[in-house]
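The values are calculated or read from the model by the stated rules, or taken from the named source; none is laboratory data. Bear in mind that the values here come from a model prediction, so they are computed numbers and not experimental data. In this analysis, Cβ positions are derived from the backbone assuming ideal geometry, glycine residues included, and neighbour counts consider all displayed protein chains. Surface accessibility is based on the protein's heavy atoms, side chains included, excluding ligands, DNA and RNA. Shrake-Rupley method; radii C 1.70, N 1.55, O 1.52, S 1.80 Å.
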Amino acid sequence: MTLRDEIHDHAAARTLTVGDIKIDMGTREVTRAGEMMELTAVEFDLLEKLLRAAGRIITREELSKDVLGRSTSPFDRSIDMHISNLRKKLGHQAGVLERIKTVRGVGYILYASKRR
């Protein structure tokens with residue numbers, strides 16, 4: 001393996017692409033359809049968690065523990081607000097499907113068209 005191959009493999013390992021969304025964990029950059037997106041640190045961590053689990057439901061409790069570092073309380077809406085902000089920035093739709101779908105009483109699921 002050449003140095004060039006190693007550099008390419010390393011760069012590919014630190015990026016995650018689902019549909020038209022691509023994140024680079026090394027630089028914490030996010031693009032949607034090739035356009036740079038400005039996200040807060042919490043929004044980035046939340047998006048990374050959703051992309052890694054694309055096509056699967058993630059509970060609000062899991063998101064809160066992994067992204068915010070705390071358990072949810074009965075009236076805690078912080079994850080919901082961050083999801084709302086993420087939807088506004090990324091767009092609500094991915095084609096004809098809802099990009100980040102709420103699974104009532106459970107959590108959220110990210111529509112997975114293609115995962116790389």
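Screening Met81 against (1) touching a residue at least 12 places away in the same chain (Cβ under 8 Å); (2) surrounded by fewer than 13 Cβ atoms within 10 Å (Cβ to Cβ); (3) not in a loop (DSSP other than H, G, I, E, B) leaves a single unmet condition, (1). For Leu50, state whether it is open to solvent by less than 40 Å² (accessible area, probe 1.4 Å), out of contact with any His (no Cβ under 7 Å at 6 or more places or on another chain) and modelled with pLDDT of 95 or more. Against the criterion (open to solvent by less than 40 Å² (accessible area, probe 1.4 Å), out of contact with any His (no Cβ under 7 Å at 6 or more places or on another chain) and modelled with pLDDT of 95 or more), Leu50 qualifies. Within this structure, Val67 passes the test of being out of contact with any Cys (no Cβ under 7 Å at 6 or more places or on another chain), crowded, with 18+ Cβ neighbours inside 10 Å and modelled with pLDDT under 95.
Yes or no, residue by residue, for (1) farther than 15 Å from Leu110 by Cβ; (2) modelled with pLDDT under 95:
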{"site": "Gly19", "(1), (2)": "no, yes"}
{"site": "Val30", "(1), (2)": "no, no"}
{"site": "Phe75", "(1), (2)": "yes, yes"}
{"site": "Lys88", "(1), (2)": "yes, yes"}
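Residues being in a helix (DSSP H, G or I) and surrounded by 12 or more Cβ atoms within 10 Å (Cβ to Cβ) are represented in the stretch 21-43 by at least one member.
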